[in-house]
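Undergrad: The structure's right below; bear with me while I get my questions together.
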């Protein structure tokens, strides 16, 4: 230990504890002693301590009374109470008064040492353990990337990287987080190459012989429950990354049993393509043929492209053999008031076997962060972005909707249409005036971009994408790149740098959770 932790031991029989004190000092702690609470309180006001060992029974002010005084002086000061009294009521009273641990006399030096270490060195010990484990696992990931990869391998790697990133929120280790981030960036380089090699073969393979894609979500997860006669609520939280889901998951534990699966978003990983694919069970080129009205307006008009979700899922279920007498219930939640309306009228939405609900807050948050500097300050990185998502959900009527669904015994399936990636590198793109405006994907004629930074699709139909005119092509950004035109290049490069975007090829955008919730009890 480079700096000795200071312990104050308060006990009226301190002279009998000399062996314990010497043992702690040998282990590197600086131990101060007093025989009464009054002197201890005076000491705490005069100098800082890292831990107090507090006897419960002493002449004058007893331990519980002293405890309250210590917490008034310094609420964050850790305190271990040592007592001869084993009564449960006393322990409950002490715990309620915010002790950090308690020991029952007689105590031996090892007990005291372990209790002190648990409090004083918990962070350092956890950090050392985590560092060792992560170093070993990161080496394994690097080796895996050198060999052949399958879809499940990518899910496993992304899950590990995401879980570590979320765990680091508790440690606040900037260096270790940077290591994980750099490893994820390296994985995204290889993932982009992998998608470029294999994605078309996924599209050409039938259901069951390819990884689960957007078009397969309803068939795989919703259909079996409907066919079993269960009432199902199908929820899509737009633009939800896996790490954001992990930040929300704890709120469901008291009410549901959870089963988490994964699927891959189709390309582009943007709402008009990916969410319509979920609701219709069709690829975008197939949607264009069957529902030409979906593509009547500009590609960037997300509202017009997602007006028909209730119709799309009704048609998909009919094609899958589910005969519903009435169309499924559907709601799109864009703000708090709409969420409250759904919560208040939930019974009306549950009159049919299926209720589909789209929640747009996370997508709105991602877009708003790009436009509002204050949000970038509040959420400067992935960790704070998760925290902001968690804060919204904890205080949102959407959480109350889930609680009510659990009480009603309704099964719930939660997923998302795509994730987002924090864009840190711009790449120049050339296109005509009719080229679409999205930052992570574009379509138009005569598009030019560095092929290292984007997947270039010259024949959209091969990728099951709409092709409305000759020479129509798509470009889809890889890794954390975003497209910038040469005109005012540096202005827009700076404006969109460090924004969360979607539409491209990355682990964060393509590998998505599907959670099946079964009410407890």
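Every read-out reported here was derived from the displayed coordinates using simple, explicitly stated rules and does not represent laboratory data. All values derive from a computational prediction rather than experimental measurement. Every residue, glycine among them, receives a Cβ derived from its backbone with ideal geometry; neighbour counts consider all protein chains shown.
Undergrad: Using only the alpha-carbon atoms, what does the chain span along each of its principal axes? Please give whole angstrom values in decreasing order.
TA: 93, 53, 42
Undergrad: Right, something else. Taking the number of other C-beta atoms within 10 Å as the exposure measure, put 202, 154 in order starting with the fewest.
TA: So the residues, fewest neighbours to most, are 202, 154.
Undergrad: Related question: Tell me the relative contact order for the range 6-120 as a rounded percent, counting alpha carbon contacts under 8 Å between residues six or more apart. The partial results should precede the final answer.
TA: Values: 170 pairs, mean separation 29.2, N = 115.
Rounded, it is 25 percent for the range 6-120.
Undergrad: Could you put 439, 138 in order, starting from the residue whose Cβ has the fewest other Cβ atoms within 10 Å? Each step should come with its number before you reach the end.
TA: Details: 439 21, 138 18.
Lowest to highest Cβ neighbour count: 138, 439.
Undergrad: What spacing in nm lies between the two simple spin-label points modelled at residue 433 and residue 76, each 7 Å away from Cα in the Cβ direction?
TA: That separation, rounded to one decimal, is 6.0 nm.
Undergrad: Measure nothing fancy, just the Cα-based angle from helix 271-280's long axis to the longest principal axis of the chain, in degrees from 0 to 90, nearest 10.
TA: 80
Undergrad: First measure r as the distance between the Cβ atoms of residue 334 and residue 114, then evaluate 1/(1 + (r/R0)^6) with R0 = 41 Å and state the FRET efficiency to the nearest 0.05. Provide the component values of the computation, followed by the final result.
TA: Numbers: r = 53 Å, r/R0 = 1.30.
Calculated value: 0.15.
Undergrad: Let me ask something else about it. Can you bin the range 6-120 into rounded, prolate or oblate? Criterion: square roots of the alpha carbon gyration tensor eigenvalues sorted a ≥ b ≥ c, rounded for a/c under 1.5, prolate for a/b above b/c, oblate for the rest.
TA: Working: a/c = 1.35, a/b = 1.13, b/c = 1.19.
Because its axes are fairly even, with a/c under 1.5, the range 6-120 counts as rounded.
Undergrad: So if we plug the beta-carbon distance of residue 98 and residue 372 into 1/(1 + (r/R0)^6) with R0 = 56 Å, what FRET efficiency do we get, rounded to 0.05?
TA: Values: r = 39 Å, r/R0 = 0.69.
Result of the calculation: an efficiency of 0.90.
Undergrad: Let me ask something else about it. Give me the number: length gained by fully extending residue 249 to residue 344, i.e. 0.36 nm times residue separation minus the C-alpha to C-alpha distance, one decimal in nm.
TA: On the way: separation 95, 0.36 × 95 = 34.20 nm, distance 2.36 nm.
Computed gain between residue 249 and residue 344 is 31.8 nm.
Undergrad: Right, another one. Sort the range 170-236 into rounded, prolate or oblate with this rule: let a ≥ b ≥ c be the square roots of the eigenvalues of the Cα gyration tensor; rounded if a/c is under 1.5, and if a/c is not under 1.5, prolate when a/b is larger than b/c, oblate otherwise.
TA: Numbers: a/c = 5.12, a/b = 1.52, b/c = 3.36.
Oblate, because a/c is 1.5 or more while a/b does not exceed b/c.
Undergrad: Which FRET efficiency value, to the nearest 0.05, do you get for residue 491 and residue 13 by plugging their Cβ-Cβ distance into 1/(1 + (r/R0)^6) with R0 = 51 Å?
TA: Numbers: r = 74 Å, r/R0 = 1.44.
Working from the Cβ atoms, E equals 0.10.
Undergrad: Measure nothing fancy, just the Cα-based angle from helix 109-120's long axis to the longest principal axis of the chain, in degrees from 0 to 90, nearest 10.
TA: 40
Undergrad: By count of other Cβ within 10 Å, fewest leading, how are 102, 489 ordered?
TA: Working: 102 18, 489 12.
Least to most surrounded, the residues fall as 489, 102.
Undergrad: Can you tell me the equivalent ellipsoid semi-axes for the range 422-499? Use √(5λ) from the Cα gyration tensor, largest first, whole Å.
TA: In descending order, the three semi-axes are 22, 13, 9 Å.
Undergrad: Separation of the range 436-472 and the range 133-209 by C-alpha centroid, Å?
TA: 26
Undergrad: As a check on your grasp of the helix formula, calculate [θ] at 222 nm for the chain: sum -39500 (n - 2.57) over DSSP H runs of n ≥ 4, divide by the residue count, round to the nearest 500. Write down the numbers at each step before the final one.
TA: Details: 22 runs with 237 residues, N = 521.
Per the formula, -13500 deg cm²/dmol.
Undergrad: Antiparallel versus total DSSP beta bridges in the chain: what percent is that, nearest 5? Mind showing how you got there, number by number?
TA: Working: 27 of 66 bridges.
Within the chain, antiparallel bridges account for around 40 percent of the total.
Undergrad: With label points built 7 Å along Cα→Cβ from the Cα atoms of residue 450 and residue 25, find their separation and express it in nm.
TA: So the label points at residue 450 and residue 25 sit 6.4 nm apart.
Undergrad: Once you sort the root eigenvalues of the Cα gyration tensor of the range 144-274 as a ≥ b ≥ c, which label holds: rounded (a/c under 1.5), prolate (a/b larger than b/c) or oblate (the other case)? Walk me through the numbers before you get to the answer.
TA: Details: a/c = 2.20, a/b = 1.16, b/c = 1.91.
Here the range 144-274 falls in the oblate category.
Undergrad: Quick check: the angle from helix 122-145's long axis to the longest principal axis of the chain, C-alpha only, nearest 10 degrees?
TA: Its long axis makes an angle of about 30 degrees.
Undergrad: So, by mean Cβ neighbours within 10 angstrom, what's the order for 264-270, 324-330 with the highest one leading? Present the calculation step by step, with values, prior to reporting the outcome.
TA: Numbers: 264-270: 27.1, 324-330: 14.3.
Top of the packing list down: 264-270, 324-330.
Undergrad: If you average the alpha carbon positions of the range 1-72 and of the range 242-296, how far apart do those two centres end up, in angstrom?
TA: The two parts, judged by their Cα centres, are 58 Å apart.
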